[in-house]
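Undergrad: Below is a structure I'd like to ask you about.
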Amino acid sequence: MKGRMKVDTRIFIMTHKEFEPPQQACYVPLHVGKSGKKELNYPGDDGGDEISDKNDTFCELTGLYWIWKNVSCDMAGLVHYRRYFVRRGSQEETGPVGAKILDQDYIEQCLKEYDMIVPDSGMTQEGSVWNQYALRHRISDWMECGRVIHDLCPEYEPAYRWSQNCNFISLGNMVITRKEILDEYCEWLFAILFEAERRIDLRGYDAYQRRIFGFLSERLFRVWLLKQPLRIREEPVMMSE
């Protein structure tokens, strides 16, 4: 009887500090914004084709870009050193987060039935994604993103309009999927963000608002998903500290 074919699954944990990673082989710490920073002895986003020095404006997306351009594997994912996908129902249980984190067997079995694991949808208290962004950031940036979509991929304009008028949102840019699907998403996302970067003047933005492209991508993810014929599995996200 033949054994199960081995799947190369890598879930990259975005970090900028030392931490205790899950004791599971599929979870790989990735030092984001590593360019010019103190060595943490983790793999970094500053080798090969990279945008590590954009971390102050792209946040964890410098890690996502590095995964897209430099990693070859079957399944790939992005989580954070404090935020992980966990088993449904376990976020109410007591005990260490590490015991609740989705393990490799669960992930690989899940992705036989579904195409992608994403965070549970949250609901904005402000009534819509548009209102939420306008209150927390600069709405002109989101509007510029809409103009970029109009120019580069107008077929996504209905999804853009729908997503900004609803109140569903998934924060953190977290995802687990087949690598080829992640690559397709990245190709779409970074084309929009790099063009938005070219158009938006960040002078006068404080350190928080300079994280603009991380903020925009959290909303753009749902825009992209609305146009994809993918089977989506939502899983809870839990903070580890």
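The values are calculated or read from the model by the stated rules, or taken from the named source; none is laboratory data. Every value quoted in this text rests on a predicted model; they were computed, and no experiment measured them. Note that each Cβ is placed from the backbone with ideal geometry, even for glycine, and that neighbours are counted across all protein chains shown. All accessible areas refer to the heavy atoms of the entire protein, side chains included, with ligands and DNA or RNA removed. Shrake-Rupley method; radii C 1.70, N 1.55, O 1.52, S 1.80 Å.
Undergrad: What are the principal axis extents of the Cα atoms in the stretch 182-232, in Å, biggest first?
TA: 41, 18, 15
Undergrad: With unit charges on the beta carbon (Lys/Arg positive, Asp/Glu negative), name the residue among Phe194, Leu102, Tyr160 whose Cα is farthest towards the positive pole of the charge dipole of the chain.
TA: Leu102
Undergrad: Heavy atoms of the protein only, probe of 1.4 Å, neighbouring chains included. What is the accessible area of Met239 in Å², nearest 10?
TA: Met239 has an accessible surface of roughly 80 Å² with all protein chains in place.
Undergrad: If you build a Gaussian network model of the chain, linking Cα atoms that sit under 10 Å apart, which residue out of Asp49, Asp141, Asp120 swings the most?
TA: Asp49
Undergrad: While we're on this one: Give the carbon-plus-sulfur fraction of the accessible surface of the chain in %, rounded to a whole number; probe 1.4 Å, heavy atoms of protein chains only. Don't skip to the end; give the middle numbers.
TA: Values: 5830 of 11930 Å².
Answer for the chain is 49 percent, counting heavy atoms of protein chains only.
Undergrad: Find the accessible area per residue for the chain; the probe is 1.4 Å, ligands and nucleic acids are left out, and the unit is Å².
TA: Per-residue accessible area for the chain comes out at 50 Å².
Undergrad: P(r) of the stretch 99-241 in 10 Å steps, Cα pairs, percent per bin?
TA: For the stretch 99-241, the binned pair fractions read 10, 39, 35, 14, 2 percent.
Undergrad: Semi-axes, largest first, in whole Å: what does sqrt of 5 times each Cα gyration tensor eigenvalue give for the stretch 82-163?
TA: In descending order the semi-axes read 34, 19, 10 Å.
Undergrad: Still on this structure: Step by step: find N for the chain, compute 2.2 N^0.38 Å, then divide the Cα radius of gyration by it. What's the final number?
TA: Dividing the Cα Rg of the chain by 2.2 N^0.38 Å gives 1.01.
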